């Protein structure tokens, strides 16, 4: 009788130990996914690598960026690859989500684009007496979004710095000077030319020019450009 009782106790102890061992060695489950990384962009076609981290029921975590399923809720604002590389596309906010074993995490991606407006002038002394001219390349160099020029003022100064010519363009005049439209596309450029005689008539050699321009980009941001001193090249 004692032998049977001892065997029963031993069997019960063995079963309990086996159950405990099985429970302690079971595979932990995924309790959540966290997406981290830079989600702010100020230029088009910029990229950022996001990280998806899976938190487990046993308190550990794992980088699952390469095995998670990635998605963007607005590909017109930001796209994401199967490995979590985000690319900015257009203005606005998108949600980028990583899903792994039924759990998901998300990161808000904010794209705030601004046009990079540039004016590249060439100021020249003309061979006609007392005249000078300026060629201005108007460009968007950020390849992000376009912009509209709304006003521009050009001033020519003599050697002593006295203003001899002032020309102010409004939006309509700028459109005509730029070939029919004052809008500059992203990554695009146009050229305009202005020539004038100095008044009162003086020699134009060694004079200078300045250009001021204003505009608004396609995202509604104000643009101000001020080129205060442009030296002259002699074209005679």
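A few points about this structure:
- The chain: angle of helix 2-24 to the longest principal axis, Cα-based, in degrees nearest 10: 10 degrees
- Tail fraction, Cα-Cα pairs, the range 104-216, threshold 17 Å, whole percent: 58 percent
- The range 146-212 and the range 28-48: distance between their alpha carbon centers, rounded to Å: 46 Å
- In summary, the chain shows an alpha-carbon radius of gyration equal to 1.94 times the 2.2 N^0.38 Å reference for compact globular proteins.
- Residue among 162, 185, 38 with the largest mean-square fluctuation in a Gaussian network model of the chain, springs linking Cα atoms under 10 Å: 162
- With a Förster radius of 35 Å applied to the C-beta separation of residue 202 and residue 224, the computed FRET efficiency comes to 0.70.
- When the Gaussian network model of the chain links Cα atoms closer than 10 Å, the mean-square fluctuations of 178, 159, 126 top out at 159.
- Ordering of 132-143, 50-61 by packing is 132-143, 50-61, highest average first (other Cβ atoms within 10 Å, averaged per residue).
- Mean Cβ count within 10 Å, highest first, over the residues of peptides 62-72, 90-100: 90-100, 62-72
- Extent along principal axes [Cα atoms of the range 57-111; Å; largest to smallest]: 41, 16, 15
Only the coordinates and a few stated rules stand behind these numbers; no lab work does. On a predicted model such as this, the values are computed, not experimentally measured, just so you know. Because the Cβ atoms are built from the backbone with ideal geometry, glycine has one as well, and the counts that use them run over all protein chains shown.
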